[in-house]
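Heads up: the structure comes next, in structure tokens.
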Amino acid sequence: MFQVIIDSLIRASELALIAVGLTMVYDVLRFASFVHVQFGTVGAFIALAISLVLPLPIGWAILVGVIVACLVTGYLGVLSDRLVFSRLRSSPAAILMIASFGLGMVMQYSVQAIWGAGARSFPLPLTRPWVIWDGRISPSGAAVLIAALLAMLAFHLLLTRTKLGIAMRATADNPPLAEASGIYTERIIRIVWFIGAALGALGGIMLGLVAQIQSSMGFEIMVAVFAAAIVGGIGNVYGAVLGAMIVSFAENVGLVVNWAPLLQLTGLTSATDLYIPVGYKTGIAFVILILILLVRPRGLLGRRS
């Protein structure tokens, strides 16, 4: 069971970083940006490319790759807003969502054209995993947990302890009033896009450190990321972290539970062992999403409409 906890925390770290960027954009611009999952793909491949060409020890090469990838992807987020979304500010949310989906497709196939459709891995050395009680965690998995924790802590301090964070929250709460108070909201929107895209890139890189990356990885994690944002309450950054935890634990616990005794009570099966195949992992995120929305449509930490 402790192994399930470790795996769930690592999965939650990856989802939370991308979901926070998604929910930030929704909080300010009021539309769900499908392109955010593709920032994770772009960031992961940029970091991989840099780590392969730098004449440094692999640990330092990956660290430099992470920093450069987050910066480049952050500016790519700003460029996306300047070229596409700023021109659609007054459009309905559905138009913005469609535009973001189309831009995400462009990013995915651009990555595929450059790096190919095959799976890639970071050139990590072989290491012995650390044993904690009855669980095991690799050094790369521990690095994912630490990096995500530091990123979330830094983001929390930015929101609560800086003038920029106050301006971001004011713009999200009431853009016209923030503009009237002297806040340049367009600048704040660009900063939100930069931070959101950079966090998305970091999430994609963290995913690549514990698994393989490929051009389609953005759409493969899209359901889980959106489930995390919506379950926690889309528009609430802390809700995105909570939602990522719930979805991740549900996915991993759901795979190790023997469902046969429960189904025997309903007469649906007579089998003594029945486990959910790994291929149905995404379906668990859907079930959690539907159950939460039936009980609390705005999400666990969502605002009242």
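The values are calculated or read from the model by the stated rules, or taken from the named source; none is laboratory data. Worth saying up front: this structure is predicted, and the values here are computed from it rather than measured. No Cβ is skipped: glycine too gets one built from the backbone with ideal geometry, and neighbour counts run over all protein chains shown. SASA here: full protein model, heavy atoms, side chains in, ligands and nucleic acids out. Shrake-Rupley method; radii C 1.70, N 1.55, O 1.52, S 1.80 Å.
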Calculated over segment 189-254: convex hull of Cα atoms, volume per residue (Å³): 96
Counting only residues 5 or more apart in sequence or on a different chain, those whose built amide H sits under 5 Å from that of Leu301 are Gly233
Sequence gap at least 6, Cα distance under 8 Å: using those rules, report the relative contact order of segment 1-106 to the nearest whole percent. 29
So how do Ser216, Ser80 rank on accessible area, 1.4 Å probe, biggest first, that is with the largest at the start? Ser216, Ser80
Would you list the membrane-span-like helices of the chain, meaning whole DSSP H runs whose alpha-carbon atoms span at least 20 Å along their axis and whose mean Kyte-Doolittle value is at least -1.0? 2-29, 36-53, 58-83, 93-115, 139-161, 185-210, 237-256, 281-295
Show me the ranking of peptides 46-58, 202-214 by mean Cβ neighbours inside 10 Å, starting with the highest. 202-214, 46-58
What value in Å³ per residue do you get for the convex hull of the alpha-carbon atoms in segment 70-133? 187
Dividing the mean separation of Cα pairs under 8 Å (6+ apart) by the residue count of the chain yields a relative contact order in percent of 32
Heavy-atom accessible area of Leu291 with all protein chains present, probe 1.4 Å, nearest 10 Å²? 100
In this structure, the FRET efficiency calculated for Leu164 and Tyr238 from their beta-carbon separation, with R0 = 25 Å, to the nearest 0.05, is 0.90
Count the net charge of all other residues whose Cβ sits under 13 Å from the Cβ of Val144, scoring Lys and Arg as +1 and Asp and Glu as -1. -1
Sorting Arg128, Arg296, Arg11 on solvent-accessible surface, 1.4 Å probe, most exposed first, gives Arg128, Arg296, Arg11
Beyond 19 Å, what percent of the Cα pairs of segment 132-214 remain? 52
How much net charge surrounds Gly279 when only the other residues with a Cβ under 13 Å from the Cβ of Gly279 are counted, with Lys and Arg +1 and Asp and Glu -1? -1
With every protein chain left in place and a probe of 1.4 Å, what is the accessible surface of Tyr238, to the nearest 10 Å²? 110
Among Phe286, Phe85, what's the order by accessible area (1.4 angstrom probe), most exposed first? Phe286, Phe85
Dimensionless Rg ratio for the chain, taking C-alpha atoms and the 2.2 N^0.38 Å reference: 1.03
